[in-house]
Amino acid sequence: MKHGERITRFLRDETGAVTVDYVVLSGALTGVGVTTAAAVSGGVNTLAQNIASELMGTSAQTQNILASDGFAGGDRAGWTGGTVMDIDQFGELLVMAAGETMTRTVEIPEGTEQVTFSFDVASGDTVDLETAFFYLNDELITHLNSQSRPTASEETNLAFLGNDGSTPAGFSARYETIRINENIGGDPYWKDSITRVYLTMDNPPPEVTFAMTNNLNEGIDNEFYGLDNFEVSY
Ligand SMILES: [Ca+2]
Ligand SMILES: [Ca+2]
Ligand SMILES: [Ca+2]
């Protein structure tokens, strides 16, 4: 009998031991599961944060403004040449007289891959297929052929980039028509236009000078090219 009881106890102990082992083991497995879930969710969270900061980085990239000039209150800080004029309907513009050159130098952070110059060009009154020229560091990037007065045969105004906007290597130029065939301001008889121009420069040096000139042949009160909403960004 004693021997039998011992066997029974032994079996019970074995069963008990197995049960204990199972509890410990399943507990350990649950622990591994929790740890794995935490690790995976941690990884997913990190990935989500990476995507979020990547997206924020992208939007922040377009918001790095190096210069922003609207000439409000006659402010022309940083510019050489040109005269700020408050022309009815156009507002305050940096106006370029016949043959005049206007420049603005901007410091570019090291490692910038591409810098963008964007600005509105107002073609006022009797501009008749005369041209505004745009330079970056003395290199002619593109030119705007504009006709802001009504032609003799039809009242059609024009504004387009010369050479179809083709540019030297490492630069690009494009434009958008903001207003055309309208009497915006100046002399109400002569129609005007506003063209937004975008220039880009790849791998810019630490300092870039934007310059704008023209081949107008009349006084500022007869025709003008005006600059507004000038912005440099990367
Ligand atoms: Ca303005
Ligand atoms: Ca003219
Ligand atoms: Ca006008």
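Limited to region 104-125, what total is found for residues that are within 17 Å of the chain's Cα centre (by Cα) and outside any strand (DSSP E or B)? Break it down into steps so the answer makes sense when it comes.
First pass over region 104-125, keeping only residues within 17 Å of the chain's Cα centre (by Cα): 106-109, 111-120.
When the remaining residues are screened for being outside any strand (DSSP E or B), the result is 108-109, 111-113.
Here the count works out to 5.
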Handout entry: Those residues of region 169-184 which are over 21 Å from the mean Cα position of the chain (by Cα), at pLDDT 90 or above and assigned to a loop (DSSP other than H, G, I, E, B), in sequence order
Key = Ile184
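Condition test on Gln63, is it within 16 Å of ligand 3 (Cβ to nearest atom) and of a type outside the set (A, V, I, L, M)? So that I can check it myself, show each step before the final result.
Values: within 16 Å of ligand 3 (Cβ to nearest atom): no; of a type outside the set (A, V, I, L, M): yes.
No, not satisfied.
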Practice task
Could you figure out which of (1) closer than 24 Å to Gln63 by Cβ; (2) without any contact (Cβ under 8 Å) to a residue 24 or more places away in the chain; (3) not in a loop (DSSP other than H, G, I, E, B); (4) not aliphatic (A, V, I, L, M) isn't true of Phe160?
Solution key: (1)
Problem - Filter result (within 16 Å of ligand 2 (Cβ to nearest atom) and either hydroxyl-bearing (Ser, Thr, Tyr) or surrounded by fewer than 19 Cβ atoms within 10 Å (Cβ to Cβ) (or both)) within region 193-234 - result: Ser193, Thr213, Asn215, Asn217, Glu218, Gly219, Asp221, Asn222, Tyr225
Completion exercise
The correct count of residues that are in contact with a Gly (Cβ under 9 Å, 6 or more places away or on another chain) and surrounded by 15 or more Cβ atoms within 10 Å (Cβ to Cβ) in region 143-192 is 13
Practice task
Could you tell me whether any residue of region 177-191 is free of Cβ contacts under 8 Å to residues at least 60 places away in the same chain and away from ligand 3 (no atom under 16 Å from the Cβ)?
Solution key: yes
Exercise for the section: Could you tell me whether region 83-101 includes any residue that is farther than 25 Å from Gly219 by Cβ and either within 24 Å of the chain's Cα centre (by Cα) or not in a strand (DSSP E or B) (or both)? Expected result: no
Exercise for the section: Tell me, yes or no, whether region 126-140 has at least one residue that is open to solvent by 50 Å² or more (accessible area, probe 1.4 Å), assigned to a loop (DSSP other than H, G, I, E, B) and touching a residue at least 60 places away in the same chain (Cβ under 8 Å). Expected result: yes
Problem - Residues of region 197-218 that turn out to be under 17 Å from Met102 (Cβ atoms) and either more than 25 Å from the chain's Cα centre (by Cα) or within 16 Å of ligand 1 (Cβ to nearest atom) (or both), as a count - result: 5
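On the given criteria, is Ser153 assigned by TED's automatic domain parsing to the domain that holds Gly78 and either within 13 Å of ligand 3 (Cβ to nearest atom) or modelled with pLDDT under 90 (or both)?
Details: assigned by TED's automatic domain parsing to the domain that holds Gly78: yes; either within 13 Å of ligand 3 (Cβ to nearest atom) or modelled with pLDDT under 90 (or both): yes.
Yes, satisfied.
The values are calculated or read from the model by the stated rules, or taken from the named source; none is laboratory data. What you see is a predicted model, and the numbers here were worked out from it, not measured in a lab. All Cβ positions, even for glycine, are placed from backbone atoms using ideal geometry, and neighbour counts span all protein chains on display. Just the protein is used for accessible areas: all its heavy atoms, side chains included, with ligands, DNA and RNA removed. Shrake-Rupley method; radii C 1.70, N 1.55, O 1.52, S 1.80 Å.
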